[in-house]
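The values are calculated or read from the model by the stated rules, or taken from the named source; none is laboratory data. It should be emphasised that the depicted structure is a prediction, and the values quoted were computed from it without experimental measurement. Note that each Cβ is placed from the backbone with ideal geometry, even for glycine, and that neighbours are counted across all protein chains shown. Surface accessibility is based on the protein's heavy atoms, side chains included, excluding ligands, DNA and RNA. Shrake-Rupley method; radii C 1.70, N 1.55, O 1.52, S 1.80 Å.
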Amino acid sequence: MEIRFAADRDIPGLINLLQQVGEVHHQIRPDLFREGAQKYDEAALRRLLADPNRPILVAIADGTVAGYAFCILQVTEGDSALQDRKTVYIDDLCVDETVRGKGVAGALYHRVCEYARQLRFDAVTLNVWCGNDRAMRFYEKCGLKPQKIGMEYVLEK
C-alpha cells in the first residue's frame, strides 16, 4: 500500500469513498445527512487539490484509492484568547468498505501525524460523530482524547 498526496487522477476513487462516508453519516444521523449525498463534487475536489492549505492524502492499494484523509492546515496566531498553535485538522477520513479493518486507516492516520511533524505543527485534531462507535474506538486506539464536546437539544415540531 502506498500513501501519497492525492492528484486529479484520484477524483473518481475519492468520489466513491465520499459516497460511502455519506451513507455512514446518513445511517447514524438521517435527521442531518441526506441519503445518497456526498460532501464534495468533482469541481470542489479539483479546487481542494489545488489548495496548499487543504492537503488530501490517499491510500492506494492494488491501483485503486482504498482510503483518504482530507486535511486542513489551521494556524492560530495573535488571538486575544487562544495560544498560538498550528494543527492539522482531519476534516474527513474514510476507508473503502471492502478493506476496512486491514490497517488502511491506521496507515493514513500515522502518515498525517508524520506530515504534521514535518511541518513542525503542534497537534492533529478531528471530529467524530456520536454513534460512529467504530471510528471512535479507532481514534481512541490511536491515542486521541476528547478535546471538546458539541451538544444539541432537538426541538419538537
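Values computed for the structure shown
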| quantity | calculated |
| --- | --- |
| Total residues in region 1-27, condition within 23 Å of Asn127 (Cα to Cα), touching a residue at least 24 places away in the same chain (Cβ under 8 Å) and open to solvent by 40 Å² or more (accessible area, probe 1.4 Å) | 5 |
| Where Tyr153 falls short, out of the listed (1) open to solvent by less than 70 Å² (accessible area, probe 1.4 Å); (2) farther than 16 Å from Leu93 by Cα | (1) |
| Failed item in (1) without any contact (Cβ under 8 Å) to a residue 24 or more places away in the chain; (2) open to solvent by 80 Å² or more (accessible area, probe 1.4 Å), with Glu42 passing the rest | (1) |
| Yes/no for Gln27 being within 28 Å of Gly143 (Cα to Cα) and either among the β-branched types (Val, Ile, Thr) or over 13 Å from the mean Cα position of the chain (by Cα) (or both) | yes |
| Pairs, first free of Cβ contacts under 8 Å to residues at least 60 places away in the same chain and closer than 19 Å to Ala61 by Cα in region 84-97, second assigned to a strand (DSSP E or B) and open to solvent by 10 Å² or more (accessible area, probe 1.4 Å), C-beta under 8 Å, six or more apart | Leu93/Leu126 |
| The listed residue being free of Cβ contacts under 8 Å to residues at least 24 places away in the same chain, closer than 21 Å to His26 by Cβ and small (Gly, Ala, Ser), out of Gly63, Gly78, Gly150, Gly143 | Gly150 |
| Flag for Leu82 being surrounded by 18 or more Cβ atoms within 10 Å (Cβ to Cβ) and either of a type outside the set (Gly, Ala, Ser) or modelled with pLDDT of 95 or more (or both) | no |
| Some residue of region 118-134 being surrounded by 10 or more Cβ atoms within 10 Å (Cβ to Cβ), under 15 Å from the mean Cα position of the chain (by Cα), closer than 27 Å to Pro30 by Cα and among the aliphatic types (A, V, I, L, M) | yes |
